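Single-structure report; data block below.
Values quoted throughout were computed directly from the atomic coordinates according to the rules given, and no laboratory measurement underlies them. Just so it is clear, the model here is predicted, and its values are computed rather than measured. Counting neighbours? That spans all protein chains shown, and the Cβs are built from the backbone with ideal geometry, glycine included.
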Amino acid sequence: LKIEHSLRQALANGEFRLHYQPVIDMPTGKVCGVEALVRWQHPEKGLLAPGRFIGIAEETGLIQPLGEWVLWAACRQLAEFKAAGLSGVRMAINISAIQMRNGNLPLLVRGIIEAYGLRAEELMFEITETVAMEQPTETVRILDLLHDMGISIAIDDFGTGYSSLSYLHMFPISHLKLDRAFVKEIGEDTDEAVICDATIGLAHSLGHKVVAEGVETTAQLEYLRRLGCDMVQGFLFSQPVPAEQVIDFIRSRN
Ligand code: G
Ligand code: G
Ligand code: MN
Ligand code: NA
């Protein structure tokens, strides 16, 4: 209850921040997108990672206004990237299960896009497998509306949930984000490396692009390149950083 109150205060006081992690296009090595990751600049505790508050925000329903703030902030930042001359950078935004059940989401998103003069094609929404599995009928309906607008849909943390690729064909997805738990084991002759290989092959045969998360070494990068992985993100390139820093990073590579 106390944390719920302070989350509410934090929203009112503007204590949330977005950091951005670049997503690298494998063939060209250029930055093709960024993922927005929320942080809480707590007045006493410092910068808090989402693991500390997203769960509570979901339980208390505060994820709705927080998620809405994230959408506005990420889209405003994308408009600023473009105004600063950066092009071809897609903004990926994490969407919680609770937000996906809000039938108003497509209209809200349309309003934000229009307010900042963006194109829907410049956005990607990341949902976890578990989100997609809960209330699949309603989720499919909302995802179809977002997809019809032109927004790309990615399944996040792929491989950690319960879904199978055969089930996911119901959803209008274009990207799978391979969870970093699998990437971590690459090069060590493990089942996880085999799973990486098989997942990329299956995803491609279904027409999906694959983004590998948590790439930390050049050995992992080169292995993923040989497997035909389309995009990568991870500490090898950059941690999630404030907008000014990600702009410098993009300028230095593109
Ligand atoms: O930034 P960090 O690596 O600590 O993020 C941890 C997790 O928090 C991410 O995997 C993501 O699922 C979740 N997360 C980060 N930002 C957001 C956000 O804006 N909305 C939601 N719903 N989840 C987020
Ligand atoms: O949305 P998702 O749950 O995938 O959020 C990405 C999380 O993974 C963020 O919390 C981010 O800080 C973290 N992360 C991103 N790149 C790396 C990496 O290379 N290594 C590790 N250990 N964590 C990473
Ligand atoms: Mn994500
Ligand atoms: Na992830």
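Peptides 115-125, 26-36, 8-18, ordered by how many other C-beta atoms sit within 10 Å of their residues on average, highest first, read 26-36, 115-125, 8-18.
What size of dipole, in debye to the nearest 20, comes out for the chain about its Cα centre when the only charges are +1 on Lys and Arg C-beta atoms and -1 on Asp and Glu C-beta atoms?
That gives a dipole near 760 debye.
Each peptide in 67-74, 49-56 gets a packing score, the mean of other Cβ atoms within 10 Å over its residues, and the list from highest to lowest is 67-74, 49-56.
On a 32 Å Cα-Cα criterion, which of the cross-link pairs K82/K184; K45/K184; K30/K184 come out too long?
As for pairs spanning more than 32 Å Cα to Cα, those are K82/K184.
Sequence gap at least 6, Cα distance under 8 Å: using those rules, report the relative contact order of the range 2-253 to the nearest whole percent. After rounding, I find 19 percent. With 5 Å bins beginning at zero, the pair-distance distribution over Cα atoms of the chain amounts to 1, 6, 13, 17, 19, 18, 14, 8, 3, 1, 0 %. Scoring 148-155, 81-88 by mean Cβ neighbours within 10 Å over their residues and listing the highest first yields 148-155, 81-88.
Between E114 and R225, the C-beta separation translates, for a Förster distance of 35 Å, into a calculated FRET efficiency of about 0.35.
Full-extension gain between K30 and M149, please, as 0.36 nm times their residue separation minus the C-alpha to C-alpha distance. Taking K30 through M149 to full extension adds about 40.2 nm, to one decimal.
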